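Take a look at the structure below.
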Amino acid sequence: MKKYIAIIALLCVGISVFASGFDEAKRDSILRHISGAKIPTQTVNILKFGAKGDGKKDCLPAFRKALKRSAQRGGLRIIVPAGTYYIKGPIHLVSNTCIDLQEGATLKFAPQPEYYLPMVKTSWEGTFLQNYSSFIYGYGLHDVAIIGKGSIDGNAATTFATWRKDQRKDRDLSRQMNHDETPVAERNFGKGSLLRPQLIQLFNCTGITLSDFFITNSPFWCVHLLKSENVICRRLRYDAKLVNNDGIDPECSRNVLIEDVNFNNGDDNVAIKSCRDNDGWNLGSPSENIIIRNCRFKGLHAVVIGSEMSAGVRNVFVENCTYAGYCKRGIFVKTNPNRGGFVENLYVRNCEFDEVEDLFYVTSMYAGEGMDDNHFSTVRNIFVDGLRCNKARIGGIILQGTEAKPVSNVIFRNVDIKEVKNALSMDNTESVVFSSCHLGGKAGVPTQVTAKDNLFSSH
């Protein structure tokens, strides 16, 4: 009996601590571990290596020469002045290097798939494999940066972006390899496959700064932070135009700051992931300590956790964010019974949206996949304080757990939805608390009895 009393006491203490509010101490502790890249002081101009900003000459050889020079000298800041630089193939970064895109400078990548071979180590929708190189790629690096008010144009509308409708065969094969635990070295895609590469991928890197530049026409996800840490994404600007163009995807990454970003994406603005199924369970490397603040959302979904989250996600802070246009959903946590993993310690404070389909949606039954499986996910410790929306066309707050693992320990404070069709829907939940919440407008004084009440009507 004493044992059970002790367990109950510990659970109560945990709930009490979480209920104390937005954990500023934890947020500030995370921020102290995020410095981004060290920017080299020594500079070189890309024009000195034969680049020409006329939009015609292939400037990839110039970038390769400049990056080789940076590696030889222990780090350089490569200045890219105004102009359009045509790039026939991927830029593979090196450590201690900053690419400074000056205002008016555009990196415009060639759209032909053959330029992005040979294959590189990467991941596709949560499965590790070999595939086409990302257009800007870094593996196992430290202190890498892309800064400046220039632009990166993936130019992928006529080739890579068209593959989505035919990708299912290769996607399903990659997932089967994941489930069968096929050695990653044997998971070869690339030439002949239809798995689109990312625009920017930094894999197993530490000390990253991405700031100020504009992104458009990405072949797939725009910025993929895979197994990386100590990352700053600041003041980025998007007009992604194409489908599945997630804005920023931290995956199995930690200590990430995303702030002052203007999103406009054909999919998720921020999608936090941690690999899929067997790859995630075997890796055991969660995404954690991610701060999203002062951002402006526009696109499919503002902030998403999942659906690839089998290694877990924890300690996510979304603070002081607003909308720049329509979003289908505001905050979206999605998993299903074949994912496993966990989502815990999600903090949302002072965020607002205009019109959405659903404002705050947590589901353990995403896409109806794996419903006969038993890899249930743990979703717990969600704290919301200050969430506003003008109109939710379908759902206000939706919480969908499973009988095996209910969504638990959730607190909503100061939620205001002016107009909503279905204000609240909860299935398989535990310990859900509401305080000062108005879903569909604030109630006034109760009316007095009138003749319209027909108290003595025979019908």
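The values are calculated or read from the model by the stated rules, or taken from the named source; none is laboratory data. This one's a predicted model, so the numbers in the text were calculated from it and none came from an experiment. Using ideal geometry, Cβ is built from the backbone for each residue, glycine included, and neighbour counts are taken over all protein chains shown.
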| Pair list, Cβ under 6 Å, 6 or more apart: region 337-358 residue free of Cβ contacts under 8 Å to residues at least 60 places away in the same chain, other residue among the aromatic types (Phe, Trp, Tyr) and in a strand (DSSP E or B) | Phe353/Tyr323; Asp354/Tyr323
| task | Provide a single number: the residues in region 335-350 that are in a strand (DSSP E or B) and surrounded by fewer than 24 Cβ atoms within 10 Å (Cβ to Cβ). | result | 7
| Residue satisfying all of: in region 56-115; touching a residue at least 60 places away in the same chain (Cβ under 8 Å) and assigned to a helix (DSSP H, G or I); surrounded by the most Cβ atoms within 10 Å (Cβ to Cβ) among these | Pro113
| task | Among the residues of region 116-138, write down those that are on the phi < 0 side of the Ramachandran plot, of a type in the set (Gly, Ala, Ser) and outside any strand (DSSP E or B). | result | Ser133, Ser134
| message | Quick check on region 250-290: of everything there that is in contact with a Phe, Trp or Tyr (Cβ under 9 Å, 6 or more places away or on another chain) and surrounded by fewer than 24 Cβ atoms within 10 Å (Cβ to Cβ), which residue is nearest to Ala185 (Cα to Cα)? | response | Leu283
| request: Tell me, yes or no, whether region 55-72 has at least one residue that is out of contact with any helix residue (DSSP H, G or I) (no Cβ under 7 Å at 6 or more places or on another chain), at pLDDT 95 or above and on the phi > 0 side of the Ramachandran plot. | output: yes
| query | Can you tell me which residues in region 36-49 are surrounded by 14 or more Cβ atoms within 10 Å (Cβ to Cβ) and either closer than 30 Å to Asn381 by Cα or without any contact (Cβ under 8 Å) to a residue 24 or more places away in the chain (or both)? | reply | Gly36, Phe49
| Are any of the residues in region 360-369 crowded, with 23+ Cβ neighbours inside 10 Å and of a type outside the set (Phe, Trp, Tyr)? | yes
| note | The condition from (1) small (Gly, Ala, Ser); (2) surrounded by fewer than 24 Cβ atoms within 10 Å (Cβ to Cβ); (3) more than 16 Å from Glu355 (Cβ to Cβ) that Ala311 misses is numbered (2)
